[in-house]
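Take a look at the structure below.
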Amino acid sequence: MSIRIVFIGAGRMASAIVQGLLEEEHYLPEEIACTCGDDPSGPELAEQTGIQFVKDIFKVVRKAETIVLACKPQQFNEIDSALAEAAHGKLVLSILAGTPISRLSGKFINARNVVRTMPNTPGQIGAGVTAFAAQQPLSPKDQDIVENILSSLGNYHEVEETDLDAVTALSGSGPAYVFEFAAALREAGINCGLNEALAHSLAIDTLLGAAMLLADSDDRPEALRDAVTSPGGTTAAALKVFSDNDLRGIVDKALAAAKARSLELANQ
């Protein structure tokens, strides 16, 4: 059976995609191949999933229909021009942060289409969200391929490429903001007298439960917030501190900084 999809890079995101594709039976293990740099990630992924690990990627690229760029962004320039030529007529999908379609298509000049994506780290457990933009409109076949790949990481949204820097600032970097808030909740709980283990557990369960409630509700976040808040109560006292210190303004500035940096990286 011939190789249908090749992963250049075999890190956590590539592993999550491969496992999702296999679980959903979009591909058989023998239809997937991967390669990697000077690390054991490729052989380890092959051993875990039954896919093929190949050092000489050129032959399998020629036979495949889809190439997934899952290496580190700084390794993109190291991709051999012969490999790019071998991708003639293939669909190229990139999960490389800060790498615009213009650079991708400049390397893979003869690809049938190039898709740039912005996943986030919860994709490692199938709970992520990914935005994607294509160089040109996707054919029905390529639309199915892209959706099969991205659904392995969680939810997905097609956007204009000009939106991807803002997407990077919100959902791409967003998990780090949540983790920082979780750490802040834990530390504040400790300062209120809780032991660290309990404060840590309460912070995680509170964030998880609130996110699940928000996802399950048709209400806006503000409505759910108001439902928890009694006039003159404890929640109102805490929210007043957030408001007095311009929490929303801080978040706005943080996302603006992240977007600006994403633009800078894309232009380097």
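The values are calculated or read from the model by the stated rules, or taken from the named source; none is laboratory data. Please read all numbers here as calculations on a predicted model, not as lab measurements. All Cβ positions, even for glycine, are placed from backbone atoms using ideal geometry, and neighbour counts span all protein chains on display.
Structure notes:
- Filter pass, Val178 being of a type outside the set (Gly, Ala, Ser), closer than 15 Å to Ser94 by Cα and in contact with a helix residue (DSSP H, G or I) (Cβ under 7 Å, 6 or more places away or on another chain): no
- Pairs, first closer than 21 Å to Asn155 by Cα in region 1-16, second of a type in the set (S, T, N, Q) and assigned to a loop (DSSP other than H, G, I, E, B), C-beta under 7 Å, six or more apart: Ala16/Ser152
- Hits in region 138-150 (condition: closer than 17 Å to Leu96 by Cα and either modelled with pLDDT under 95 or out of contact with any helix residue (DSSP H, G or I) (no Cβ under 9 Å at 6 or more places or on another chain) (or both)): Val146
- Of the residues making up region 1-23, those that are in a helix (DSSP H, G or I) and of a type outside the set (D, E, K, R) are Met13, Ala14, Ser15, Ala16, Ile17, Val18, Gln19, Gly20, Leu21, Leu22.
- Residues of region 95-126 satisfying the condition of being of a type in the set (Gly, Ala, Ser) and farther than 20 Å from Gly174 by Cα: Ser102, Ser105, Gly106, Ala111
Conditions tested, residue by residue: (1) exposed (fewer than 11 other Cβ atoms within 10 Å of the Cβ); (2) within 26 Å of the chain's Cα centre (by Cα).
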{"position": "Ala183", "(1), (2)": "no, yes"}
{"position": "Glu187", "(1), (2)": "no, no"}
{"position": "Asn191", "(1), (2)": "yes, no"}
{"position": "Thr206", "(1), (2)": "no, yes"}
{"position": "Leu213", "(1), (2)": "no, yes"}
{"position": "Pro231", "(1), (2)": "yes, no"}
{"position": "Gly249", "(1), (2)": "yes, yes"}
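- Checking Thr49 against (1) among the polar types (S, T, N, Q); (2) closer than 25 Å to Phe108 by Cα; (3) out of contact with any Lys or Arg (no Cβ under 8 Å at 6 or more places or on another chain), the condition it does not meet: (2)
- Counting only helices (runs of 4 or more DSSP H) that fall entirely inside region 24-90 and contain at least 2 residues that are β-branched (Val, Ile, Thr), the qualifying elements are 58-63.
- Exclusive hit being small (Gly, Ala, Ser), more than 24 Å from Ala266 (Cα to Cα) and not assigned by TED's automatic domain parsing to the domain that holds Leu21, set Ala127, Ala176, Ala166, Ala182: Ala182
- Exclusive hit being without any contact (Cβ under 8 Å) to a residue 60 or more places away in the chain and in contact with a Gly (Cβ under 7 Å, 6 or more places away or on another chain), set Ser94, Ser41, Ser105: Ser41
- Of the residues Ile79, Ile57, Ile8, Ile51, the single one that is at pLDDT 95 or above and of a type in the set (A, V, I, L, M, F, W, C) is Ile51.
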